[in-house]
Every structure is written in structure tokens, then in C-alpha cells.
Amino acid sequence: MEKNNQIWSRSIALGAFAFALLFLSVSADDVVVLSEENFEKEIGQDRGALVEFYAPWCGHCKKLAPEYEKLGSSFKKAKSVLIGKVDCDEQKSLCSKYGVTGYPTIQWFPKGSLEPKKYEGPRTAESLAEFVNTEGGTNVKIATVPSNVVVLTPENFDEVVLDETKDVLVEFYAPWCGHCKNLAPTYEKVATAFKLEEGVVIANLDADKYRDLAEKYDVSGFPTLKFFPRGNKAGEEYGGGRDLDDFVAFINEKSGTSRDGKGQLTPKAGVVESLDVLVKEFVAASEEEKKAVFTRMEEEIEKLKGSASRYGKIYLKAAKNSMEKGSDYAKNEIQRLQRILDKSVSPAKADELTLKKNILSTYAAA
């Protein structure tokens, strides 16, 4: 029995280590998606390239995915190296051309060459980076990305999950669970997408380690996802899809947020329907009538609460500027804000500008 317990403990430790690695995954946008149309435009040109030939259903490919994405993020600014991938289910002839018979197959294409060298080393971001640095003459280190998933324990569970001011999504997982490991990179992206939403928390609990808490919330399989909204701290089971877009749509619907999978605000963010009606009246009104509509807007905004009240102030400021600066104000200001957004701005600043742009669009479209 003691020997079995030791084996069990080692298995859990190894599983936890693997699971922790998965949480370091980053956006797959840093890995270039290759196809027959763009392969020879990107590969064999003025930079070396590491290419993963994979299949979406392949378990080894799924296990590699967060490590490979981490590699892509780390080499994103290395102009002499490209990190790419080919979906062999969609690009069968391309994969056949390069002798791919199993997944994943990782090949290095030297600068100016379409003759690849197969990678045979360990499938970790660190080992892949060492190989690319050697072949490509670079000196890139793997970037570590802090997790945006809140780690729950018995000490902080009630404080985080039962907070009446927050909507909280909780994943109850086990470190040795294969489905949990596969979900990990997607779940991290969900947390990243909503990291700027003060009223939304994406969290997880090691339900194997803290079994009493798991049993309290009727967790019998892994992963189990439960949503604890502001108005129901008993929790409700999440039964939706497990793709990033599924989670994002669910949280937007439940929490009244307007985010996309990259964490950016959608065009609906900040828009208040009751004020949109008044905006149409305001734009159509004569200069004298605008003052009366403006007063009605002030009265309507006083009734709003929470984030809607904050958006209302932006509506009011836009109406005031429109009266002072003329009917072209909204259109001109939208263009100005878009020029700023096209530059490199912080996520928080992008949110602020996007909210203003969305609300001004209601004036420009009226």
C-alpha cells in the first residue's frame, strides 16, 4: 500500500508539473499558419524557419501546442527566424511533399532553402529554442508569461468565488487528467481575454488535492466547470462548448461584457439602447431642440447604474461637443481615435478609446 501511495504521489507531482507548463501558453497568433498558397512565400526566403506539420486530432500535437505557441511568442521579434505550422488535414499535398508520415513532424528550413532538416529532439519550448538558436544563429530565450487564471485553495475560495460583486467561472481539475491538460491553454486564453474586466474572474481548483471542496460542489469528474454569478453563489454547471469562442460568448451573455477572443472590446461595448433612441432624436433635432433632448439625456443617465452610468457620461460629453463643434464632430473624432488605436497603445487605453469610438459611432450613424 505504501509503495502504491508513493507511485500515486509521484504521478500527481509529474501531472501537476505538466499542467503548470501548459498554463504558460500564449497566443497562437505568434505562430505563422502556412498553406500551399503562402508556403514558398514565407519559407526558403531570407530567413530560416521551423515548421510543425500537425493534425488537429493528434494527441501528441495537442500536447505540443502550448509549448510551440510559447516558442512562437519568444521568437516573434527575431526577424531572421520564422516559427510556422501546417495543418496536414487541410494541406495534405503540402505535407506529402515534405515526407510527413506521422504527427507532429517538426522540420527546419535553412535560410534560402526548401530542403528541410528534421528535428528529433525533446518537444519542449526550451529544447526547440536551443535548436533554432543553433541553426538560425539567434540567441533567443523563452519568454515566460504569467497566468491570468486565479488559483484557488481552501484559504481563498470563499473570498474569491463567493464575492457578490464578481461573476466567477471555476474549473475543477485533476493534474493527471488528460482532458484538463488539453483544456488548459484555451482556459488561459479565456482568462487573458477577460483580465481587464473587474467584475469577471476566471479561476481553477486542484480538485484532486482539495477533495473536500470538490465534493461540496458535487464534482465527480474532471474537468468540471461551474459558474458562480453575482446572484447565485450556489453555482451552476457550465455545459457549453470548450472552444475559446464558446467560453467568451457564455461570459459575455452572463456578465453583460463585450469581449472577443483576443480580449478586445467588440463594437457593441459601451452602447446603451435607451440612450441610442435619444441620440437619433438629438441628431435629427434643430439647434434649439437639441437642448431639450440633451436635458432628457441627462435625466435618463441619472437612472443608469454601474458601467452603464459610466457609458452615459461619454454619451453626454459627445452630445455637448456636437452642439459646440458642429455636426461633423462625431465623424472627425472617430477618425482621430482610430489613428491612435492603429498605433501601439496599452490594453487599458485601447478599451477607453474603443468605448468612446463605439458611442460616437451611434452619433455618426444616426
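The values are calculated or read from the model by the stated rules, or taken from the named source; none is laboratory data. Since the structure is predicted, the reported quantities are computational estimates derived from the model, not experimental observations. Backbone-built Cβ (ideal geometry, glycine too); neighbour counts: all protein chains shown. Note: areas computed on protein heavy atoms with side chains; ligands, DNA, RNA excluded. Shrake-Rupley method; radii C 1.70, N 1.55, O 1.52, S 1.80 Å.
Per this entry, residue 135 is not counted among residues that are acidic (Asp, Glu), out of contact with any Cys (no Cβ under 9 Å at 6 or more places or on another chain) and in a loop (DSSP other than H, G, I, E, B).
Filtered by the rule that a residue be crowded, with 23+ Cβ neighbours inside 10 Å and part of a loop (DSSP other than H, G, I, E, B), segment 175-210 gives 194, 207.
Just checking, does segment 216-226 include any residue being open to solvent by less than 30 Å² (accessible area, probe 1.4 Å) and touching a residue at least 60 places away in the same chain (Cβ under 8 Å)? Taking every residue of segment 216-226 in turn, none turns out to be open to solvent by less than 30 Å² (accessible area, probe 1.4 Å) and touching a residue at least 60 places away in the same chain (Cβ under 8 Å). Inspect segment 326-334 for any residue being touching a Lys or Arg at 6+ places or on another chain (Cβ under 9 Å), surrounded by 15 or more Cβ atoms within 10 Å (Cβ to Cβ) and not in a helix (DSSP H, G or I) and give the result as yes or no. Scanning segment 326-334 turns up no residue that is touching a Lys or Arg at 6+ places or on another chain (Cβ under 9 Å), surrounded by 15 or more Cβ atoms within 10 Å (Cβ to Cβ) and not in a helix (DSSP H, G or I). Restricting attention to segment 78-95, the residues that are within 22 Å of residue 185 (Cα to Cα) and open to solvent by 20 Å² or more (accessible area, probe 1.4 Å) total 3.
Of the residues in segment 87-96, none is modelled with pLDDT of 95 or more, touching a Gly at 6+ places or on another chain (Cβ under 8 Å) and outside any loop (DSSP other than H, G, I, E, B).
Among 234, 249, which is the only one that is part of a loop (DSSP other than H, G, I, E, B), open to solvent by 20 Å² or more (accessible area, probe 1.4 Å), over 14 Å from residue 171 (Cα atoms) and of a type outside the set (Val, Ile, Thr)? Steps first, answer last, please.
Values: 249 fails: part of a loop (DSSP other than H, G, I, E, B).
After applying the criteria, what remains is 234.
Across segment 123-151, the number of residues qualifying as among the hydrophobic types (A, V, I, L, M, F, W, C) and open to solvent by 50 Å² or more (accessible area, probe 1.4 Å) comes to 2. All conditions in (1) open to solvent by 20 Å² or more (accessible area, probe 1.4 Å); (2) in a loop (DSSP other than H, G, I, E, B); (3) touching a Leu at 6+ places or on another chain (Cβ under 9 Å); (4) in contact (Cβ under 8 Å) with a residue 40 or more places away in the chain hold for residue 213, with the sole exception of (2).
Considering only residues in segment 32-51 that are open to solvent by less than 10 Å² (accessible area, probe 1.4 Å) and touching a strand residue (DSSP E or B) at 6+ places or on another chain (Cβ under 7 Å), the one that is nearest to residue 126 (Cα to Cα) turns out to be 50.
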